[in-house]
Amino acid sequence: MKKVKKKSSGWRWVLLVLALLASAGLLAAYLVTPGASLPQVGEGDVLIAPGEDGGILLSWPAAPGGAASRVSLRRAGEQAFQPLGDFSENETSLEGDALSGKLSIRIQSVTRGKNLLGMDRELVSRQAIEVSVQPRNLVQPALEGRTGSEGDLHLSWNGAGGYEVSTVEDGLYTPVCRVNGNKAIVRFGEGGDLEMPGEDQLVWLSVRAAYQGEGYVLCGPYAQPVSVDRTSLMGNVLSLECRNLGERLYALEWNETKGDYYEVQEWSAPDKSWETLARVEHGGQLRYETGLLRSGSDHRYRVTAVGAAEAVEPGEVSFRTEISTKYATVWPVVDLDFCGDEELKKSLGTIPAGTALCVLEEGDDCFQVRWKDQYGWVDSRFCLINLPEYVGDVCAYDITNSYSSLLAVHDYPLEHITGEVVKGFEGIRMEDGTFLVPYLYPSAKKLLTAARAAETDGCRLRIYEAFCPHEATRFLCDTTMAQLDCPVPERGEDGAYVFYVPPETEPASPQEPDAGPVLPPDETGGEDQAQMESTALSESAPPAEEADSTQAEPAPQTASAAPENRPTYRSVMTDGRFELPGFLTPSVSAHSQGTALDITIERLDGTELEMQSAMHDLSWYSAASRNNDNAKLLESYMTGVGMRGLSGEWWHFQDDAALEAIGLSKYLYKGVTAEGWTRDNVGWRYRAADGSFRKSTNITVDGKQYTLDQEGYAVE
């Protein structure tokens with residue numbers, strides 16, 4: 001019988017492969033759920049806390065991505081987990097005695113979507129949170145609260161272990177912190193645990209036991225809450241801080257304390273008292289901005305709480321501002337080019353010598369200023385700068401020639417000089433008692449170095465004279481010269497000095513200075529140096545009848561009888577061995593060019609160090625050859641920065657190097673004033689010669705009209 005050959009089975013394999021591929025495709029379509037990925041469980045502890053009606057409140061870490069949570073429980077005696085349900089929120093309540101025995105909890109994350117076949121699909125996380133909770137007897141604590149000295153709330157309760165502190169509002173408990181032990185401090189305010197309550201608002205707080213298990217926290221019942229209000233939280237200690245805002249602007253900031261409101265006060269050294277600057281109410285920003293302060297000025301502020309039932313210690317700060325020329329007053333010592341650029345090449349005009357200007361910016365050897373409503377630059381090397389607005393409180397100032405001159409001959413007053421305002425100094429003392437103290441800017445920088453050296457020794461340099469107009473120099477020299485051969489005055493029965501007046505003559509009156517030809521400055525500032533240095537000054541006893549004090553009272557114009565055997569001013573001044581030009585000169589003084597200082601040393605409390613004579617004692621007692629240790633200390637400060645003293649006056653030092661560096665040969669004949677435009681961080685104001693400001697008015701300056709507001713600022 002013939003065998004039949006079977007057909008190939010290859011097609012069967014092809015069909016099998018196609019069937020398998022189709023099945024895999026269907027499986028993939030079933031498994032793939034677009035827009036959904038396998039969820040993850042959250043991180044953290046499961047929280048088990050007492051619920052209502054003896055049940056428990058169960059909460060757990062929320063799953064990322066908003067996935068739902070599938071919760072399963074296994075109670076004591078059960079072998080398998082029983083599903084509790086799926087929850088969109090991460091908490092639920094369990095009724096009954098769920099914690100009567102050991103309880104195991106499993107939590108998985110679940111997401112849902114439609115697969116590629118359009119069928120509903122459920123994705124369950126591979127990981128699960130699983131904890132085993134051992135029941136514990138967590139009792140309700142008894143809570144007490146009290147406010148601390150810093151305004152914090154101190155909580156305490158009975159019990160031990162871990163506890164959770166929460167706020168309570170409308171039945172909702174919000175955790176604040178967890179602690180171990182039975183005490184906690186809740187801090188209110190900036191940087192604390194909670195914000196300060198508002199006015200008439202109560203904050204309620206409670207505490208409950210919080211036992212930390214493995215992966216869970218088992219909580220007990222909340223304690224009866226305690227409340228605290230804003231007033232109770234305010235402490236009794238006011239902490240004041242000062243912030244430097246730059247450009248000599250400062251802000252004071254402090255914490256809230258008990259009291260009705262706050263007063264910001266500044267210490268007034270002349271009055272030795274606190275002056276109230278502002279009142280700051282509760283509830284707002286506890287901050288006070290000082291406004292622009294003078295360069296190098298010392299300040300002491302405090303903030304006090306007013307109306308507190310119990311004492312609140314004020315907060316206090318002290319500081320010195322940085323040194324800066326910005327907004328300082330300067331005067332050209334010569335007619336000076338007003339230029340449109342910092343290189344001082346493009347001239348816009350010429351500013352007359354002695355014009356008061358306000359520094360807006362400082363460049364290399366130049367100041368930006370405003371003149372005739374234009375802005376430009378001047379050479380700062382030829383400018384006098386007002387020392388109190390630049391050096392500030394690094395030095396002290398007492399320009400006595402502006403209100404009661406100290407110039408005398410070894411305690412004997414000079415008629416028309418001692419106790420008087422010296423001609424040329426009328427515009428130096430301001431309405432508020434401060435002084436204009438002009439001094440050449442290059443020399444002022446050297447003075448600052450010397451003053452800082454004195455401060456390191458616990459001392460301060462005290463300036464009695466800087467710039468002195470030539471008209472004052474001539475007046476002092478001529479008026480003193482006219483009295484040299486007169487006998488020194490005697491004290492009358494009332495204690496006042498009585499000047500000798502020759503019979504049938506009128507009392508001497510000061511001669512009007514004659515401008516005359518300009519005299520070149522001599523090398524010694526008017527002193528006959530060679531004569532002084534070659535003369536051995538004797539240290540003989542002073543005249544038998546001396547004044548009782550170093551500062552004489554103003555002299556009345558009363559004639560005395562012709563004295564017998566009384567010394568003359570000349571004999572007291574020189575002891576017969578040198579003349580008036582050793583102290584006062586008719587020629588140009590370095591004071592008139594702004595490079596000389598009459599200066600002494602004081603302690604930081606204002607007590608002057610004792611020298612061998614009084615300040616401005618025009619006599620041989622003031623000679624540098626008689627310098628005591630204090631005068632030698634002063635000399636070391638001043639010569640240490642390159643200044644030179646005079647052999648006839650322990651107090652006089654001048655900066656010859658500055659004159660030589662800029663080739664300055666001219667001087668100011670008339671005195672300077674403060675009158676002119678001045679600026680601060682707010683705006684421009686027009687200052688009168690006495691330092692006061694024109695306010696609430698219209699003024700015309702250089703042909704242009706300006707409106708000034710109630711604070712004196714020009715209205716734009």
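The label point for Ala160 and the one for Glu361, both projected 7 Å from the Cα toward the Cβ, are 7.2 nm apart. Which trypsin sites (Lys or Arg not before Pro) in segment 212-282 pass both tests, a DSSP loop state and at most 10 other beta-carbon atoms within 10 Å? Counting only loop positions with at most 10 other Cβ atoms within 10 Å, the trypsin sites (Lys or Arg not before Pro) in segment 212-282 are Lys272. Within segment 571-711, all pairs of alpha-carbon atoms sorted by distance into 10 Å bins from zero give the percentages 10, 27, 23, 21, 14, 5, 0. Think of a 1.4 Å ball rolled over the protein heavy atoms: segment 399-469 then has 28 Å² of accessible area per residue. Largest accessible area first, the listed residues Leu38, Leu47 line up as Leu38, Leu47 when surface is computed with a 1.4 Å probe on the assembled protein chains. Calculated over segment 314-431, the projected area of the Cα convex hull averaged across directions stands at 11.5 nm².
Each label was represented as a point 7 Å from its Cα along the Cα-to-Cβ direction; for Arg243 and Gln224 these points are 4.4 nm apart. Distance between the C-alpha centers of segment 326-366 and segment 375-390? Whole Å please. Value for the Cα centre distance between the two parts: 7 Å. Ligands, DNA and RNA left out, the accessible area of segment 258-410 computed with a 1.4 Å probe is 42% carbon and sulfur. When Rg and the Kirkwood radius Rh are both evaluated on Cα atoms of segment 397-473, their ratio Rg/Rh stands at 1.03. Counting only protein heavy atoms and a 1.4 Å probe, segment 264-361 has 49 square angstrom of accessible area per residue. With 21 Å as the limit, the listed pairs Lys372/Lys704; Lys345/Lys704; Lys326/Lys423 have Lys345/Lys704; Lys326/Lys423 beyond it between alpha carbons.
The values are calculated or read from the model by the stated rules, or taken from the named source; none is laboratory data. Since the structure is predicted, the reported quantities are computational estimates derived from the model, not experimental observations. Virtual Cβ from ideal backbone geometry, glycine too; neighbours counted across all protein chains shown. The accessibility values were calculated without ligands, DNA or RNA, using every heavy atom of the protein model including side chains. Shrake-Rupley method; radii C 1.70, N 1.55, O 1.52, S 1.80 Å.
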